[in-house]
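Below is one structure, written out as structure tokens; the observations come after it.
Read-outs throughout are calculated quantities, based only on the coordinates presented, and are distinct from any laboratory measurement. What you see is a predicted model; the values in this text were computed from it and never measured. All Cβ positions, glycine included, derive from the backbone under ideal geometry; neighbour counts span all protein chains shown.
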Amino acid sequence: MTTLARLVGAPAPAMPHETILESLAAAARSSEGLTFLDAQERESFHSFSEIFARAKTVAVALAELGVEAGDRVVLVLPTGLDFMDAFFGALAAGAVPVPLYPPVRLGRLDEYHARTASLILRAQARVVLTDARVGKLLGVAVSRARPKLGLHHVSTLYARGRGELLRHRRPEDLALVQFSSGTTVDPKPVGLSHRNVLANAASIDTFLPEGGAVKQRGASWLPLYHDMGLIGCLLLAVRHPGPLTLIPPELFLARPALWLRAIARHRATVSPAPNFAYGLCLKRVRDQDLEGCDLSSWTRALNGAEPVSAEIARAFCQRFSRWGFDARSLMPVYGLSEASLAVTFTPLARGLRTLAVEADALSLRGEVKMPAESSAVREVVALGPPVPGMEVRIAGASGETLGVDQVGAVKVRGPSVMQGYLGDLPATERALEGGWLDTGDLGFVHDGELFLCGRKKDLVIVRGKNHAPQEFEEALEGLPGVRAGCVAAVGFVPQKGEGEELLLFVEKDTDKSAPAIPEETLAEAIRARVVERTGVRPYGVELLDPGTLPRTSSGKLRRSESLRLFYAGELLPPARVTTLGVLKEVARSTAALTAMRVRNALTSEAGD
């Protein structure tokens, strides 16, 4: 009898609060709060009591501006107190915050303006909130979207607010719009209710320390416009009041040792990050950067948001064990924005678990088979069983539930699955069927845990075999001359070809301390490594300058977009950023905002 590939998590935990603001009100009765870290590692603390009070003041100003219950409020803000004022202030006003990413890649501002304007329109936003620094570059995007209430600085709203406002919301009301990652298609606005968000936070909470000598303490550099940073760190610290140290993402990228030092200094127990962050620490953190550090408190080192590399995970555990990091603390996890965040978690104190399978059986027949001595092997990472309240099943082409060790579509359901895509009923109906969410991922169930094989739309099909792009991308990890985490594998059909072939887009490493490698030599080394590790010889290798590959707001590679730009002859490095160029952009932004305000004023007068 075949065992079906269906996993059911423990019963959903109780939710003591019905809305996010109720959770914040409860946290405000504790002495806990948020600590913000700057580039000099100076710290500023703000209690949840202060954050709650400020939110109610900002809500007054938003209401006076014309924001009504249910209105969408776009936030384009860096990590800091202004973000808290805007996010919780919007909720206090009964509105729905929509966090978007600030303009960080200044060499691609035209692309940023087009994308951000589209997101503002898709969110059906009434107003955009920002700060004085970021606002200088938002004019073009905002003027294209023309939100009815315009663009405003959060600090001005807080200074203007008088008194307090706290509008009542119900558990089923829309609480948050977060955009899907957009790795294979344009980002979609994911609508989450208060119940969705709090159910997911409650499930994650079951993995945190509870009472006793060890207290929950968080540290995070993750962007607050990303579900792992917003729900998995900020709202979790609100739901289970505990100290949380927040580091601006740009500081982590420049100096990743700041993250590890903050964990050690604050004795953090939980800190999540995507796979690339662990790899960046391996490459950029020097031994002297961690002098005197003790990472032994970090018992929940979650690794998610992108495919987990077993090689990087093992290397991280080995390298940082000398500072007290326990390999059993590493927790590969799986989730997605349409499920609020978490779907499966590795069991506590288990550490990394992998499975070596026969590569041909997996790619040709979608079967999990233990490899023979002579067969090619693919190593896949266990992502654990479902978190409480969630179910996972593996579905075949006709929607039937497959057996264990069979590859199919990963489908999930539970109380934290989205209401739908905002304003897009056809896409919602395609994604949700009978309460089950089609994640777009391929995977299988083995020994009670979920394993992923890739995304359906990213598959590279070479001579009838299905390959996940990560097979080829991970093969190049550590190869001299290749920029870490900056390889995109795609399938394409050459003009005179008879079938799909493998094309690699590879950003070159510009490390000045290493000897330069001629491009022809590097390209051949790439081909040889891929053949050695996968048995497939790339048809083409395109060597690119750093920063060329398009990415999502959370840093994931957009493979199909890379191929589209390649075909169009537009796969180019970002423009060189100069002081004069930035000043021109600021002037352009100011002019665009002025023109928008004039148009809005004329429209208002005509309406009167």
Of Ser155, Val487, Thr401, which is farthest towards the positive pole of the chain's charge dipole, taken about the Cα centre with +1 and -1 on the beta-carbons of Lys, Arg and Asp, Glu respectively? Ser155
What is the sum of charges, Lys and Arg at +1 and Asp and Glu at -1, for the other residues whose Cβ falls under 12 Å from the Cβ of Gly423? +2
Ranked Ile51, Ile461, Ile394, criterion: other C-beta atoms within 10 Å, fewest first: Ile461, Ile51, Ile394
Three principal axis lengths of the stretch 368-463 [C-alpha, angstrom, descending]: 52, 35, 21
So, over other residues within a Cβ distance under 14 Å of Val177, counting Lys, Arg +1 and Asp, Glu -1, the net charge is -1
Fewest first, what order do Ser416, Ser155, Ser31, Ser329 take by the number of other Cβ atoms within 10 Å? Ser31, Ser155, Ser329, Ser416
Quotient of Cα radius of gyration and Kirkwood radius for the stretch 249-347, i.e. Rg/Rh, equals 0.95
Name the residue farthest towards the positive end of the dipole of the stretch 255-458 from the options Met390, Ala310, Leu437, assuming +1 on Cβ of Lys and Arg, -1 on Cβ of Asp and Glu, about the Cα centre. Ala310
For the stretch 472-490 and the stretch 425-454, what is the separation of their C-alpha centers, rounded to whole Å? 28
Label-point separation in nm, Ala10 to Val582, each point 7 Å along Cα→Cβ: 4.9
Cβ-Cβ cut-off under 9 Å around Ala484, Lys and Arg +1, Asp and Glu -1: the net charge is 0
How many lysine pairs does the stretch 460-567 hold where the Cα atoms are under 27 Å apart and the two sit 8 or more places apart or on different chains? 4
What dipole magnitude, in Debye to the nearest 20, does the stretch 527-584 give about its Cα centre under +1 on Lys/Arg Cβ and -1 on Asp/Glu Cβ? 180
Can you give me the Rg/Rh ratio for the stretch 460-567, using Cα atoms for both radii and the Kirkwood formula for Rh? 0.95
Work out the P(r) tail for the stretch 314-402: percent of alpha carbon pairs separated by more than 22 Å, whole number. 48
Spherically averaged projected area in nm², based on the convex hull that wraps the Cα atoms of the stretch 48-97: 3.0
Among Lys411, Lys584, rank each residue by its count of other Cβ atoms within 10 Å, from fewest to most, as a rough exposure measure. Lys584, Lys411
How long are the three semi-axes of the equivalent ellipsoid of the chain, in whole Å, if each is the root of 5 times an eigenvalue of the C-alpha gyration tensor, listed from largest down? 38, 29, 25
Counting Lys and Arg as +1 and Asp and Glu as -1, each charge on the Cβ, what is the dipole of the chain about the Cα centre in debye, to the nearest 20? 1000
Under 15 Å from the Arg284 label point (7 Å along Cα→beta-carbon), backbone N, the stretch 211-254: 221-223, 247-254
Report the dimensions of the stretch 255-458 along its three principal axes from the alpha-carbon atoms, largest first, rounded to Å. 57, 51, 27
